[in-house]
Structures are given as structure tokens and as C-alpha cells.
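This report refers to the structure that appears directly beneath it.
Derivation of every value follows stated rules applied to the coordinates shown; laboratory data play no part. Just so we're clear, the structure is a prediction, and the values are computed from it rather than from any experiment. We place every Cβ from the backbone using ideal geometry, glycine too, and count neighbours over all the protein chains shown.
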Amino acid sequence: MKFYILLFSLLFTLQINAQENKTKVLTLGTFHFNFPNKDFVQTEESNQIDVLEPEHQEEIMLIVEKLKNFNPSIIVIEHPSSKQQEVDSLFNSYLADEYDLKRNERDQIGFRLAKQIGIKKLYCVDEWGTFNQQVENVLFGNDSIEKKKFTKYYQSDLDSSRKYNPKKIFKEKGILTELKRLNDPENIKKSLGNYLIGPFTYESETGDFFGVNFETGRWFNRNLKIFRNIQRIKVRPEDKILVIYGAGHMNVLNLLFESSPEYQLVESNDFL
């Protein structure tokens, strides 16, 4: 009996130690503050806000104060990894009071928070996905007929009524309320379903997997690359990572962080 008690105690201790050795990660899913409207779901100009207006600036500063309680030592942002030097230069200018923050979440939350807590670098990790040869040939090859056929199917958005696409509430209820909704685990799970219908079901020929291959490259492969870039960041045992990214990405990134033996996902709404 004593042996089993000791064995249980040892296993429990190892489990606790393994959990403590994981790097804590808080993912903050956001809408794009500058409304570039490059995503499939776009925001009409009449529904947009100017985050530089005093009332929104006050709310953003409140959000930054809340995130400071997580005490991140590493901040990850949605910006191409190939443009790391460009962001380094902008951030250094901001630290020297030679740069005015622009209307994007990288600047408004990332730069502002990093400066306040003494972080000297923000990590750019964004990538595009890689398509397989079948999809590559249609999208970028010489088969204009098949490309037109797929483009028409994609733009028709036949499954739009089944997609999770709630009304945006930042204009009526504020940025913080919108962020809380975007980061609700149940809503994040619903958003993943959007990538399992629509283009996902498209077949170039009956019974093939063109739509599956398209979404694999466009979405799943892209987010796996983003995750891999985050893995490349060298961390110390005491480090904590804040990931500031478009909320749609959380339906894959959060799952990866939850499943990873390296990281411990922290509930963002506990801080918001």
C-alpha cells in the first residue's frame, strides 16, 4: 500500500512540475482596428470607428492596463516575419518619441503595452499558407476555366446562412466588450466551423478534395506556420507570451497551444 501511495505521489508531482515548466501564453484575438477589409468578411464604412478618437483611446489604454496584469515578457504580433526589421525600426522610433501610433492593433495595443512594461522587441510571426499542386495550378496556373469556376463558387458563399458571423458590437458597446466576445472559447469554436463548409466542400471533379486542399493551405497550413514561428522564439523559464492576432486565427492557434506540451494557454477573458 505504501508503495502505491509513493508512486501516486511521484506521478502527481511530475504532473505538477510538467505543468509549471510550460510557458504561459495569453492569446488576444482582435478585430483589425484600421479596417483594411482584406478578409472575406468586411466591415462597411458606416459601421467602422476611428480608434484615435479620445473615447476609444481611453478604452484602449484601459485594455492595455488589464493586459499588464498578465505581465508578458514576450509580445507576438500579426505582421509578416519578413518585415521584422521594419517593425523593429518603427518601435525604436516610438520608444524615442519619434513615431505616432497608427490605427492598428499592433501599434495601439502592442507598441503601447511593450513600451510601458519595458519590452524592447515585438515578434512578427505572420505567414501565408502553402497550397498543394492541384490548388496551385488552378489559382496561379493557366487553367482559367477552372479558376473562374472555383472563384464563382467561392464568391457565391452558398453556406453563408450557416456560418458563424455575429453582428459586430464595438460601435455600440465598445472595444472591450467586442474583445470579450471575440475571445469567448465557445465563439472561437464556432468560428472554426466556418472553414469546414463553403469552399471546403468544393469539388473540381466529383469525389476529389479540391476544397479540402484549398482550406488546408489557406487556413490550417498558414496557422501551423504561425505557430512554428512562435516556437522559434527562445524563451526562459520565467517568460510569458502575449499573442495579439486577428480573432479568426484563434480557432486554430488556441487549439495548438492547448495541445502543445510546451505551452499553457491562459484564458484571455480572465484579464479582460
Inset, instruction - Would you calculate, for the chain, the mean residue ellipticity at 222 nm contributed by helices, counting each DSSP H stretch of 4 or more residues as -39,500 (n - 2.57) and dividing by all residues, to the nearest 500? - result: -13000 deg cm²/dmol
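Starting from the Cα gyration tensor of region 33-117, multiply each eigenvalue by 5, take the square root, and state the resulting semi-axes largest first in whole Å.
On the way: eigenvalues 95, 61, 35 Å².
Each semi-axis is the square root of five times an eigenvalue, giving 22, 17, 13 Å.
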Legend entry - Relative packing of peptides 248-259, 55-66, 218-229 - highest average C-beta neighbours within 10 Å first: 248-259, 218-229, 55-66
Inset, instruction - List every residue whose amide H lies under 5 Å from the amide H of TYR263, counting only residues 5 or more places away in sequence or on a different chain, with H placed 1.01 Å from N in the peptide plane. - result: THR23
Inset, instruction - Could you calculate the FRET efficiency of ASP97 with PHE140 from 1/(1 + (r/R0)^6), where r is the beta carbon distance between them and R0 is 51 Å, rounded to 0.05? - result: 0.70
Legend entry - Equivalent ellipsoid, region 148-237 (semi-axes from 5 times Cα gyration tensor eigenvalues, Å): 29, 23, 10
Inset, instruction - Enter the Cα centre distance for the pair region 202-272 and region 49-113, rounded to the nearest angstrom. - result: 22
Legend entry - Spin-label pair LYS173/ASN47, simplified geometry with 7 Å Cα→Cβ offset, distance in nm: 1.5
Inset, instruction - Enumerate by residue number the chymotrypsin sites (Phe, Trp or Tyr not before Pro) in region 101-203 meeting two conditions: DSSP loop (anything except H, G, I, E, B), and at most 12 other Cβ atoms within 10 Å of the site's Cβ. - result: TRP128
Inset, instruction - Return the aspartates and glutamates within reach of LYS240: Cα separation strictly under 18 angstrom, same-chain partners fewer than 8 residues apart disregarded; answer none if there are no such residues. - result: GLU20, GLU65, GLU78, GLU258, GLU262, GLU267, ASP270
Inset, instruction - Loop only per DSSP, at most 12 neighbouring Cβ atoms within 10 Å: give me the trypsin sites (Lys or Arg not before Pro) in region 108-161, ordered by residue number. - result: LYS120
Inset, instruction - For the pairs LYS68/LYS120; LYS149/LYS190; LYS168/LYS225; LYS83/LYS121, note any where the Cα-Cα span goes beyond 23 Å. - result: LYS149/LYS190; LYS168/LYS225
Inset, instruction - Note down the relative contact order for region 21-270 as a percent, whole number, built from C-alpha pairs under 8 angstrom at least six residues apart. - result: 39
